[in-house]
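Notes follow the structure.
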Amino acid sequence: MKLRKSEEPLPERAVALILLLCVSGMTAETARYSVPEEAERGSVVANIAKDLGLTGKELLTRQARLVPEGEKQYFQLNQHTGDLVVREGMDREELCGQSEPCL
């Protein structure tokens, strides 16, 4: 059976281009902020939505979330306002030991 022109498979480059165009709207952002060790629970660190040029609604739609590197979640993201707030107090010695600088 001979394939008609419309049934011929797409070349690999065309498939790759289509996938690239579909995924190009998705991005990942990394942001770093400094927080004093003495910052109290509920203290606002920054407004992530503002820093990324988004609205709180866009953060909610994009399902923005924080991904901790350790076991504890020290920060919380309010997806409605974009505020990053301290969720749990931080102890420098517990986090970094004697290493300088503590990042």
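What residues of the range 86-103 lie in the reach of a label at A39, counting those whose backbone N is under 20 Å from a point 7 Å from the Cα along Cα→Cβ?
86-97, 99-103
Using only Cα atoms, what is the ratio of the radius of gyration of the range 38-94 to 2.2 N^0.38 Å? Let's see the in-between values first.
Numbers: Rg = 12.1 Å, N = 57, 2.2 N^0.38 = 10.2 Å.
For the range 38-94, the normalised Cα radius of gyration is 1.18.
Counting only protein heavy atoms and a 1.4 Å probe, tell me what percentage of the range 38-94's accessible area is made up of carbon and sulfur. The partial results should precede the final answer.
On the way: 1900 of 4190 Å².
Whole-percent figure for carbon plus sulfur exposure: 45.
Once the Cβ-Cβ distance between S99 and K50 is put in as r, and R0 is 41 Å, what FRET efficiency do you end up with, to the nearest 0.05?
Taking R0 as 41 Å, the efficiency between S99 and K50 is 0.80.
The values are calculated or read from the model by the stated rules, or taken from the named source; none is laboratory data. The shown structure was predicted, so the numbers you read here are calculated from the model rather than taken from an experiment. Positions of Cβ are generated from backbone atoms using ideal geometry, with glycine treated the same way; all protein chains shown enter the neighbour counts. Quick note on the areas: whole protein, heavy atoms, side chains included, nothing else; ligands and nucleic acids left out. Shrake-Rupley method; radii C 1.70, N 1.55, O 1.52, S 1.80 Å.
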